[in-house]
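Trainee: So that we are looking at the same thing, I have put the structure below in structure tokens.
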Number of protein chains: 4
Amino acid sequence: MAALQIAGKTFSSRLFLGTGKFGSHQEMEASVLASGSELVTVALKRVDLQQEHDDILQHLHHPQVQLLPNTSGARQAKEAILAAQLAREALETNWLKLEIHPDPKYLLPDALETLKATEALAKLGFIVLPYIHADPVLCKQLEDAGTAAVMPLGAPIGTNKGLRTLDFLEIIIAQSKVPVIVDAGIGAPSQAAQAMELGADAVLVNTAIATAQYPARMAAAFKLAVEAGRQAYEAALPPVRAHAMASSPLTAFLDA
Amino acid sequence: MAALQIAGKTFSSRLFLGTGKFGSHQEMEASVLASGSELVTVALKRVDLQQEHDDILQHLHHPQVQLLPNTSGARQAKEAILAAQLAREALETNWLKLEIHPDPKYLLPDALETLKATEALAKLGFIVLPYIHADPVLCKQLEDAGTAAVMPLGAPIGTNKGLRTLDFLEIIIAQSKVPVIVDAGIGAPSQAAQAMELGADAVLVNTAIATAQYPARMAAAFKLAVEAGRQAYEAALPPVRAHAMASSPLTAFLDA
Amino acid sequence: MAALQIAGKTFSSRLFLGTGKFGSHQEMEASVLASGSELVTVALKRVDLQQEHDDILQHLHHPQVQLLPNTSGARQAKEAILAAQLAREALETNWLKLEIHPDPKYLLPDALETLKATEALAKLGFIVLPYIHADPVLCKQLEDAGTAAVMPLGAPIGTNKGLRTLDFLEIIIAQSKVPVIVDAGIGAPSQAAQAMELGADAVLVNTAIATAQYPARMAAAFKLAVEAGRQAYEAALPPVRAHAMASSPLTAFLDA
Amino acid sequence: MAALQIAGKTFSSRLFLGTGKFGSHQEMEASVLASGSELVTVALKRVDLQQEHDDILQHLHHPQVQLLPNTSGARQAKEAILAAQLAREALETNWLKLEIHPDPKYLLPDALETLKATEALAKLGFIVLPYIHADPVLCKQLEDAGTAAVMPLGAPIGTNKGLRTLDFLEIIIAQSKVPVIVDAGIGAPSQAAQAMELGADAVLVNTAIATAQYPARMAAAFKLAVEAGRQAYEAALPPVRAHAMASSPLTAFLDA
């Protein structure tokens, strides 16, 4: 399997993890380890910068884990940019998952504010990974704005509905010059495998692992599925057919 | 992962392989090994009983591989029963994948002849695994007739369309007292994972591996996907939801 | 629109109605009239043969309405055949919708008993319309047994899930020499239209109308949708395409 | 059926038509008439403003038909605004279908330029109906910018794939204060009916009619389907269920 590169950094795992909604920090940490993930998002709104040893962060201190602070809860570019700058100083990373969603119910991304913030943050030296609608035109504009990757959603976040944006993901993957990471809606390992079979470079999973009955075991299942999907992509799946190739009768055997 | 039992025999792999349509016997053997499969079907019509060392069979002589002769090409119960008896003598196994399909175009199974043959073969001491339509009522009748497992199809054989019979597979899995093996139409690792997530006991794959560009690598991908799907089933996937849980704003962080 | 013929009788409407689950006989009658249906099923188990003027039947006495008694609740061929004979005498029709379903939960049809009963009833002079699984091989066997039409299900009855058996309905329609009526699972006018677009000869709808908030208005909606779907089939829909035909720029207009 | 209002104008038909890709102007005109449509788009790039009696326009002069010039081919807001102003003068209508798509292959809309142009054109007194991605956040921003309606796509334009953006259309319909018109990808009457059942206010169809074997007959089929879908929406479809309500046996009838 070819390794994934984002902004010059090499990842051997193509499964990224979100850290929200877990029952405990211990469960979250066990899931991160079981997943083999090397890129893990943490919501800035859940980080307590005042405290020297913030609880959630100390559970993410593992040599293979690159922290990816996210701006979840930001309602416009301005809020997101301010948060990014505070985060860079406090967490000592210029990697940023950019999330701007004005509506607290569906948490769907704001295309315009996301593009505006991506442009500004890229100029400020951030490695920006924006969460966006599966909009192929926007993806190209983000490329021009200096994005490090694009993170189109598969379905409304938190729904576990899978790749409802399939037709658009295919176009995005065909056109993109930066890595494509399917970011929301993936609710089962089979769906993660499907994204990889399509040619996505990676997937980000959170709800399906964090709210499973056994999160760490589910994380291990996703790890296998992402590897399966990537291997299938590289081994080139045969196309869908209208019907089987015709079969010969059993007569020869019976006459033998 | 709990092991699978069929007719008293334990299987640690839940991926079964068909051996048709490979480019060569070598490629087939490499794929069987890469898949980790312990149950491999071979079409009787492709076995030459006259020869001492039939070519296809010598490529399947591996200690972990249980041979499952199939009656592909049989048009009625009578033909299938005769073939089964010849196979038992020649191949020294009473395991049998029962396939009866009168139509050479779609290769769809004949419910009535399959039930009749299952009944007869079970009485003759065969371990019968019948390939059938995803018909929940027929599955219960096969149970009564002494079947060792049921093998409902996911889509028309050879089409790679995936789990088109999903709604019926769910009912079959909920009702069955014998193992349920999804048998036809599985065209990608993601689809194999999905069958396992539903609670299927195993899947049988052939076309998607044999006609991939790199069959052995595809077999390895299916191996991972089947494990992923089974682990996800055991770790209990969360349900599909209408929308995300509401999110809090970023204000607290920004004010910190 | 070409008219539909079943057993020599011509139907100008391709929408058949079931009469169960309505809130009242009045509502049922209004829905039958609004639907324009000319073939209406009535469950024998709901008919009181002792009474001279059974309530449900008197609401179905309309010149355009052909009654189609059904054997819903029958668990084997024997019960269904007995019921058919009593019905023929009492209701003075040899038309029969054959339903044999041993399981009271999913009400899925029994392929074997249905084939057996079809054969016997056809010999007894009945016009048999059997409710069956979307099993193409069974459909051909029913043809040989003298069925007047086949009634494959679209989804488990009562679920409103639509054409979940699409891939199999396509094969049945391509192969059938008798009319194909999609019989269960149709939960919205769009799904009825889709069945007609595929080339089905008619659809039978019950739950989606009877349990709608306004049944007669829903019946009228189904009437339009069935006509729309049939007309689209006859006007030959264009195929699905991977992308649009390329477009020219606006420059010429702007330069004018 | 309640009538549809857009910018104060009442429409009794909820089927809008595009006029591209027809074999002839005569065929286009026959289809418009058969569809009953009262709002018909015409691409500015196909209109010859120099000629007194442009060919395509004279085939659209019918009292019930409101012309909706579109800016198809425009690559940015600037081009679209210029074209709109020329069109208003020449065609004597301030109605405008705004289409901005930089990529000539997929013809997917540009969210940012569309929002910018909508804002400018609304201020200039245009009735703007923008073609957009099924992006719920963008739809609310267009509302704030003074749009008269939103026209989210169902699938990539010209593909006939149907409502691939279903999950997002549902959110848009639930949140919108302006009419929602599903605009691209609708390839069959069943799909138009489905959009109306979801609660869309109208649909716009072009390719599926213009490239059908018999366009005017297909237009008539769409007319029925749109009415069917709207009536079903108003009559309130019952929900999808996991299985049927349990059924009673036939015994009572047989014992009668």
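The values are calculated or read from the model by the stated rules, or taken from the named source; none is laboratory data. On a predicted model such as this, the values are computed, not experimentally measured, just so you know. Quick reminder, even Gly has a Cβ in these numbers, built from the backbone with ideal geometry, and neighbours come from all protein chains shown.
Trainee: Can you say whether C:K177 is more than 7 Å from chain D (Cβ to nearest Cβ), surrounded by fewer than 24 Cβ atoms within 10 Å (Cβ to Cβ), free of Cβ contacts under 8 Å to residues at least 40 places away in the same chain and part of a loop (DSSP other than H, G, I, E, B), as far as the supplied structure shows? Lay out the reasoning, then the answer.
Mentor: Details: more than 7 Å from chain D (Cβ to nearest Cβ): yes; surrounded by fewer than 24 Cβ atoms within 10 Å (Cβ to Cβ): yes; free of Cβ contacts under 8 Å to residues at least 40 places away in the same chain: yes; part of a loop (DSSP other than H, G, I, E, B): yes.
It is true that C:K177 is more than 7 Å from chain D (Cβ to nearest Cβ), surrounded by fewer than 24 Cβ atoms within 10 Å (Cβ to Cβ), free of Cβ contacts under 8 Å to residues at least 40 places away in the same chain and part of a loop (DSSP other than H, G, I, E, B).
Trainee: Only one of these is more than 10 Å from chain A (Cβ to nearest Cβ) and in contact with a Leu (Cβ under 8 Å, 6 or more places away or on another chain): D:P104, D:P130. Name it. Steps first, please.
Mentor: Working: D:P104 fails: in contact with a Leu (Cβ under 8 Å, 6 or more places away or on another chain).
Going through D:P104, D:P130 in turn, the sole match is D:P130.
Trainee: I need a count of the residues in segment D:180-220 that are without any contact (Cβ under 8 Å) to a residue 24 or more places away in the chain and farther than 24 Å from D:N70 by Cβ. Please lay out each step first, then the result.
Mentor: From segment D:180-220, those without any contact (Cβ under 8 Å) to a residue 24 or more places away in the chain are D:212-214; that's our starting set.
Next, only the ones that are farther than 24 Å from D:N70 by Cβ stay: D:213-214.
Selection size over segment D:180-220: 2.
Trainee: Which of the numbered conditions does D:A184 fail, given that it passes all the others? Conditions: (1) buried (at least 24 other Cβ atoms within 10 Å of the Cβ); (2) under 22 Å from A:D103 (Cα atoms).
Mentor: Status for D:A184: all satisfied but (2).
Trainee: Given the residues B:L49, B:L67, B:L44, which is the only one that is modelled with pLDDT under 90 and under 21 Å from B:A7 (Cβ atoms)? Step through it out loud before you land on a result.
Mentor: Values: B:L49 fails: under 21 Å from B:A7 (Cβ atoms); B:L67 fails: modelled with pLDDT under 90.
Of the residues listed, the single one that is modelled with pLDDT under 90 and under 21 Å from B:A7 (Cβ atoms) is B:L44.
Trainee: Hey, another quick one. Has segment A:70-86 got any residue that is surrounded by fewer than 22 Cβ atoms within 10 Å (Cβ to Cβ) and either touching a Gly at 6+ places or on another chain (Cβ under 6 Å) or farther than 29 Å from A:L108 by Cβ (or both)?
Mentor: Within segment A:70-86 (the criterion being surrounded by fewer than 22 Cβ atoms within 10 Å (Cβ to Cβ) and either touching a Gly at 6+ places or on another chain (Cβ under 6 Å) or farther than 29 Å from A:L108 by Cβ (or both)), the answer is no, since none of the residues qualifies.
Trainee: Can you tell me which of (1) assigned to a loop (DSSP other than H, G, I, E, B); (2) at pLDDT 95 or above is the one D:E227 doesn't meet?
Mentor: Only one criterion in (1) assigned to a loop (DSSP other than H, G, I, E, B); (2) at pLDDT 95 or above is unmet by D:E227, namely (1).
Trainee: Does segment D:236-252 contain at least one residue that is under 30 Å from C:T71 (Cβ atoms), within 11 Å of chain C (Cβ to nearest Cβ), of a type outside the set (K, R) and part of a helix (DSSP H, G or I)? So that I can check it myself, show each step before the final result.
Mentor: We begin by selecting, within segment D:236-252, every residue under 30 Å from C:T71 (Cβ atoms); these are D:237-252.
Adding the requirement that they be within 11 Å of chain C (Cβ to nearest Cβ) leaves D:237-252.
Add one more test, that the residue is of a type outside the set (K, R), and what stays is D:237-240, D:242-252.
From what's left, part of a helix (DSSP H, G or I): D:251-252.
Among the residues of segment D:236-252, at least one is under 30 Å from C:T71 (Cβ atoms), within 11 Å of chain C (Cβ to nearest Cβ), of a type outside the set (K, R) and part of a helix (DSSP H, G or I), which makes the answer yes.
Trainee: Still on this structure, please answer the following. I'm checking my understanding of the structure. Among residues of segment D:130-150 that are within 15 Å of the chain's Cα centre (by Cα) and either modelled with pLDDT under 95 or among the small types (G, A, S) (or both), which one is surrounded by the most Cβ atoms within 10 Å (Cβ to Cβ)?
Mentor: It comes out as D:A134.
Trainee: C:Y214 fails exactly one of the following numbered conditions: (1) surrounded by 24 or more Cβ atoms within 10 Å (Cβ to Cβ); (2) under 30 Å from D:L198 (Cβ atoms); (3) of a type outside the set (G, A, S). What is the number of that condition?
Mentor: Condition not satisfied by C:Y214: (1).
Trainee: In the list D:L224, D:L198, D:L153, which residue meets the criterion of being within 11 Å of another protein chain (Cβ to nearest Cβ), surrounded by 24 or more Cβ atoms within 10 Å (Cβ to Cβ) and over 14 Å from the mean Cα position of the chain (by Cα)? Lay out the reasoning, then the answer.
Mentor: Values: D:L198 fails: surrounded by 24 or more Cβ atoms within 10 Å (Cβ to Cβ); D:L153 fails: over 14 Å from the mean Cα position of the chain (by Cα).
Going through D:L224, D:L198, D:L153 in turn, the sole match is D:L224.
Trainee: Now for a separate question. Going by the conditions given, is A:A145 in contact with a Phe, Trp or Tyr (Cβ under 8 Å, 6 or more places away or on another chain), within 14 Å of chain D (Cβ to nearest Cβ) and of a type in the set (A, V, I, L, M)? Lay out the reasoning, then the answer.
Mentor: Details: in contact with a Phe, Trp or Tyr (Cβ under 8 Å, 6 or more places away or on another chain): no; within 14 Å of chain D (Cβ to nearest Cβ): yes; of a type in the set (A, V, I, L, M): yes.
Criteria not met by A:A145.
Trainee: Can you pull out the residues in segment D:99-152 that are small (G, A, S) and within 25 Å of A:A174 (Cα to Cα)? Steps first, please.
Mentor: Just the residues of segment D:99-152 that are small (G, A, S), to begin with: D:111, D:117, D:120, D:122, D:125, D:134, D:145-146, D:148-149.
Once the filter is applied, which keeps residues that are small (G, A, S) and within 25 Å of A:A174 (Cα to Cα), segment D:99-152 yields D:A111, D:A134.
Trainee: Just to check your reading of the model, which residue among C:A244, C:A232, C:A236, C:A212 is touching a Pro at 6+ places or on another chain (Cβ under 7 Å), closer than 16 Å to D:I209 by Cβ and at pLDDT below 95?
Mentor: Values: C:A232 fails: at pLDDT below 95; C:A236 fails: touching a Pro at 6+ places or on another chain (Cβ under 7 Å); C:A212 fails: closer than 16 Å to D:I209 by Cβ.
Checking each option against the conditions leaves just C:A244.
Trainee: List the number of the failed condition for A:N206; all other conditions in (1) at the interface with another protein chain (Cβ under 8 Å from one of its Cβ atoms); (2) farther than 16 Å from B:Q231 by Cβ; (3) under 15 Å from the mean Cα position of the chain (by Cα) hold.
Mentor: Failed condition: (1).
Trainee: Taking segment A:187-214 only, how many residues are closer than 23 Å to D:L108 by Cβ and assigned to a loop (DSSP other than H, G, I, E, B)?
Mentor: Final tally of qualifying residues: 3.
Trainee: Go through segment D:112-129 and give me each residue that's farther than 28 Å from C:L237 by Cβ and crowded, with 24+ Cβ neighbours inside 10 Å. Quick ask: steps written out before the conclusion?
Mentor: Here is the first cut: in segment D:112-129, the ones farther than 28 Å from C:L237 by Cβ are D:112-128.
Those that are farther than 28 Å from C:L237 by Cβ and crowded, with 24+ Cβ neighbours inside 10 Å: D:T114, D:A117, D:T118, D:L121, D:F126, D:V128.
Trainee: If you don't mind, there's one more thing I want to ask. From the list D:A83, D:A155, which residue is of a type outside the set (F, W, Y) and within 26 Å of D:L4 (Cα to Cα)?
Mentor: On inspection, the qualifying residue turns out to be D:A155.
Trainee: Pick out, from segment B:51-138, the helices (runs of 4 or more DSSP H) lying fully within it that include 1 or more residues that are of a type in the set (S, T, N, Q) and in contact with a helix residue (DSSP H, G or I) (Cβ under 6 Å, 6 or more places away or on another chain). Lay out the reasoning, then the answer.
Mentor: Details: elements: B:55-58, B:77-91, B:111-123.
Here the list reads B:111-123.
Trainee: Any chance segment B:161-170 includes a residue that's touching a residue at least 24 places away in the same chain (Cβ under 8 Å), surrounded by fewer than 23 Cβ atoms within 10 Å (Cβ to Cβ), in a helix (DSSP H, G or I) and more than 11 Å from chain A (Cβ to nearest Cβ)?
Mentor: Yes: one or more hits.
Trainee: Right, something else. Within segment B:198-234, how many residues turn out to be among the charged types (D, E, K, R) and under 22 Å from B:K21 (Cα atoms)?
Mentor: Residues of segment B:198-234 that are among the charged types (D, E, K, R), as a first pass: B:201, B:217, B:223, B:227, B:230, B:234.
Going one step further and asking which of them are under 22 Å from B:K21 (Cα atoms), we end up with B:217, B:223.
Of the residues in that region, 2 qualify.
Trainee: Check off (1) modelled with pLDDT of 95 or more; (2) in contact with a helix residue (DSSP H, G or I) (Cβ under 6 Å, 6 or more places away or on another chain); (3) of a type outside the set (A, V, I, L, M, F, W, C); (4) assigned to a loop (DSSP other than H, G, I, E, B) for B:G158 and give me the number that stays unchecked.
Mentor: Unmet for B:G158, out of (1) modelled with pLDDT of 95 or more; (2) in contact with a helix residue (DSSP H, G or I) (Cβ under 6 Å, 6 or more places away or on another chain); (3) of a type outside the set (A, V, I, L, M, F, W, C); (4) assigned to a loop (DSSP other than H, G, I, E, B): (1).
Trainee: Considering (1) within 9 Å of another protein chain (Cβ to nearest Cβ); (2) without any contact (Cβ under 8 Å) to a residue 24 or more places away in the chain, say which one B:K140 fails and leave the rest.
Mentor: Only one criterion is unmet by B:K140, namely (2).
Trainee: Hey, another quick one. Taking B:A232, is it of a type outside the set (D, E), under 30 Å from A:R46 (Cα atoms), more than 18 Å from the chain's Cα centre (by Cα) and part of a helix (DSSP H, G or I)? Don't jump to the end; show me each part of the working.
Mentor: Details: of a type outside the set (D, E): yes; under 30 Å from A:R46 (Cα atoms): yes; more than 18 Å from the chain's Cα centre (by Cα): yes; part of a helix (DSSP H, G or I): yes.
It is true that B:A232 is of a type outside the set (D, E), under 30 Å from A:R46 (Cα atoms), more than 18 Å from the chain's Cα centre (by Cα) and part of a helix (DSSP H, G or I).
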